[in-house]
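The structure under discussion appears below in the form of structure tokens.
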Amino acid sequence: MAARALYVIVQPWFDPTYSLPILDGATYVALARSGVPAGVFYMPPLFPAVLAGFFGLFGTAWGALYLFQHALVVLAAGAIGLVGERIGGRRSGLAAAVLVLLYHPGMFFASRPLGEPLALALTAVALAAAFRPGTLAAAGAGVACGLAALVRPNVLPLAFAWAAGEAAGSKWRRAGMLALAAALAIAPAAWHNARVSGQLVPVSANGGVVFWLGNGPGAIGVYTPSPGFSGRLETQQAEAVAEASARAGRPLDAVEADRFWLREGLRVRRADPAGTAVLLARRAALTLDDAEHGLDYAPSLDRDPVRFLAPLPFALLAGLALAGVAWRGFSGTGGWIVWSAIAVQAAAPLAFYVSSRHRLPFAILLAVPAGIAAGGLREALAARRGRIAIAAGALLAVLSVATPSGALVRSGRAGALAVQADVWRRAGDLPRAAETAERATALDPGSVVAWYNLGVIEEAAGRREQAEAAYRSALRAEPLHPESTGNLAALLLSSRRAAEAVELLRPAVDAAPRHGPLWTNLVVGLVLTGRGDEARATIARARRAGITLNPGLVETVEKMEDTTP
């Protein structure tokens, strides 16, 4: 905790997002401040509730929040250590706990307003309770599992998998208590969702959308943008409902839309069996890749110098885990209880897409068999089977480091740098924002987000020509990118190049019909070029697309006649 306190103390000097949360973190903070949503839960509800309670007690004290979350990770390490001790003895338990604490992503994500530390602590406590005898311990394991599912819904099957294992051993009371306690823990969320939607949604209605974003056309194993989705979490549910309704040809509610995206993702995968097999193999390789693939926050960009106190690479953790199970076997590394938990956590990156955050719970649970190998390393080296197991683990570690994912790593880092650049812009530090965005474009010249954010920064600094060049580079990377098209069109309109803006915007509104600024800019361009009839027709098309334009603009268009530009 002393090391982690030091990490938090120096973090503001190196992390622009320390007090300016981004993407998922910003959404969780907004949910904590807005209270219980009127509709079905889109994000899992427990972490925003805990965050709301913390803000109510301490205000927006980011350092205190991060210290609390670091304490949760330390708690998780202790619980994992107890599991390792029960299976392999004290040295194995201490080794397992140390491996958890030395794994950098555990330190990194504890200093962001994200639910991973809470989910890790609850899952680790559930695992430790599941190893204790009696129905009371089983109840504790079930409750902890259920609460963990209210933070990370992919944990939901775990308590029922454990219950199945207990039932297979004729331990019916423990099996029933595990399942019942888990069901009771998630019952309030399920009741809320049933009350507001009339449908059964155990935790949250976003699994189908996430599945689509990892399995739709062009999926590459990590988060893959999809037409109709901007990439902003705060608008993702509305975008998912609107796009699903448009594709289905009828209005859908949030639950129906989520199920629509699940069916669409499954349809795409079934239609391409060979491609699906390749995609699954790719995700498996990326799950075991030593590189930490960023999503919203990227551990690879951590510049806090205290990070070196957590130097453990994933490759070593995975190699030790394989050595442990190859040496001690399935039952000697935790049996059904441990390996079902590992399998449940591995299912998330394999089924959806790989990111450091999605892999973190899987990595932490690998510390149990890895700790058994590390704690008994001397014994393993003295036995032939142990030496073979260590060799197998070393081979996996080498393969993990050698995974050819350099292009994905560069692209992920560029995207994370682009987000950091936007944070510097919001903080008012335009020189650092521009420098960070330029680093992103140099790292990945095909990153549309990097070029777009650079354009926004250059525009904020009053450098219109540089902004225009950046927006055009974004459009070369992704033709018809709505935000870049809209901003470039606005620049053209303000510099009396309306005809050029109109030509740019016509295909853009067809490609992104629910993007309001594109319609507005197109109508303005048509007004400035004297095309009254086309402007009126465009307003009618915008209305059919569900876009409400500025009343003053609409009134101007209705009164105008076609004139010479």
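Data overview
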{"quantity": "Restricting the range 12-25 to residues that are part of a helix (DSSP H, G or I) and out of contact with any helix residue (DSSP H, G or I) (no Cβ under 7 Å at 6 or more places or on another chain), the residue that is surrounded by the fewest Cβ atoms within 10 Å (Cβ to Cβ)", "calculated": "W13"}
{"quantity": "In the range 331-342, the residues that are surrounded by fewer than 20 Cβ atoms within 10 Å (Cβ to Cβ), of a type in the set (A, V, I, L, M, F, W, C) and without any contact (Cβ under 8 Å) to a residue 40 or more places away in the chain", "calculated": "W339"}
{"quantity": "From the options A119, A138, residue that is in contact (Cβ under 8 Å) with a residue 60 or more places away in the chain and under 23 Å from A187 (Cα atoms)", "calculated": "A119"}
{"quantity": "Near pairs, Cβ below 8 angstrom, 6+ apart or cross-chain, from the range 308-330 (surrounded by fewer than 24 Cβ atoms within 10 Å (Cβ to Cβ)) to any residue that is at pLDDT below 95 and assigned to a loop (DSSP other than H, G, I, E, B)", "calculated": "R328/G376"}
{"quantity": "Residue in the range 519-534 that is surrounded by fewer than 16 Cβ atoms within 10 Å (Cβ to Cβ), on the phi < 0 side of the Ramachandran plot and under 32 Å from the mean Cα position of the chain (by Cα) present", "calculated": "no"}
{"quantity": "Odd one out for L488 among (1) over 27 Å from A418 (Cα atoms); (2) hydrophobic (A, V, I, L, M, F, W, C); (3) part of a helix (DSSP H, G or I)", "calculated": "(1)"}
{"quantity": "Test for E478: is it buried (at least 22 other Cβ atoms within 10 Å of the Cβ) and among the acidic types (D, E)", "calculated": "no"}
{"quantity": "Test: residue in the range 221-239 that is among the aliphatic types (A, V, I, L, M), at pLDDT 95 or above, touching a helix residue (DSSP H, G or I) at 6+ places or on another chain (Cβ under 7 Å) and closer than 28 Å to V448 by Cα", "calculated": "no"}
{"quantity": "The listed residue being of a type in the set (A, V, I, L, M, F, W, C) and surrounded by fewer than 22 Cβ atoms within 10 Å (Cβ to Cβ), out of A347, A380", "calculated": "A347"}
{"quantity": "Helices (runs of 4 or more DSSP H) wholly inside the range 324-407 containing at least 3 residues that are touching a helix residue (DSSP H, G or I) at 6+ places or on another chain (Cβ under 6 Å)", "calculated": "335-351, 356-375, 384-402"}
{"quantity": "Test: F211 is closer than 22 Å to V419 by Cβ and touching a helix residue (DSSP H, G or I) at 6+ places or on another chain (Cβ under 8 Å)", "calculated": "no"}
{"quantity": "Residues satisfying the stated conditions in the range 425-469, i.e. of a type in the set (D, E, K, R) and surrounded by fewer than 21 Cβ atoms within 10 Å (Cβ to Cβ)", "calculated": "R426, D429, R432, E435, E438, R439, E459, R463, R464, E465, E468"}
{"quantity": "Boolean, G525 is at pLDDT 90 or above, farther than 28 Å from P227 by Cβ and not in a loop (DSSP other than H, G, I, E, B)", "calculated": "no"}
{"quantity": "Looking only at the range 444-462, and only at residues there that are in contact (Cβ under 8 Å) with a residue 24 or more places away in the chain and not in a helix (DSSP H, G or I), the one that is nearest to L408 (Cα to Cα)", "calculated": "D444"}
{"quantity": "Scan of the range 27-53 for residues that are more than 18 Å from A187 (Cα to Cα) and assigned to a helix (DSSP H, G or I), ordered by number", "calculated": "T27, Y28, V29, A30, L31, A32, R33, S34, L51, A52, G53"}
{"quantity": "Count - residues of the range 485-542 that are among the charged types (D, E, K, R) and out of contact with any Asp or Glu (no Cβ under 9 Å at 6 or more places or on another chain)", "calculated": "7"}
{"quantity": "Subset tally (residues that are of a type in the set (A, V, I, L, M, F, W, C) and in contact (Cβ under 8 Å) with a residue 40 or more places away in the chain) for the range 416-433", "calculated": "6"}
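Conditions tested, residue by residue: (1) surrounded by fewer than 24 Cβ atoms within 10 Å (Cβ to Cβ); (2) more than 25 Å from the chain's Cα centre (by Cα); (3) more than 14 Å from I342 (Cα to Cα).
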residue: E116; (1), (2), (3): no, no, yes
residue: A138; (1), (2), (3): no, yes, yes
residue: A141; (1), (2), (3): no, yes, yes
residue: C145; (1), (2), (3): no, no, no
residue: A159; (1), (2), (3): no, no, no
residue: E166; (1), (2), (3): yes, yes, yes
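The values are calculated or read from the model by the stated rules, or taken from the named source; none is laboratory data. Worth saying up front: this structure is predicted, and the values here are computed from it rather than measured. With ideal geometry, Cβ positions are generated from the backbone for all residues, glycine too; neighbour counts draw on all protein chains shown.
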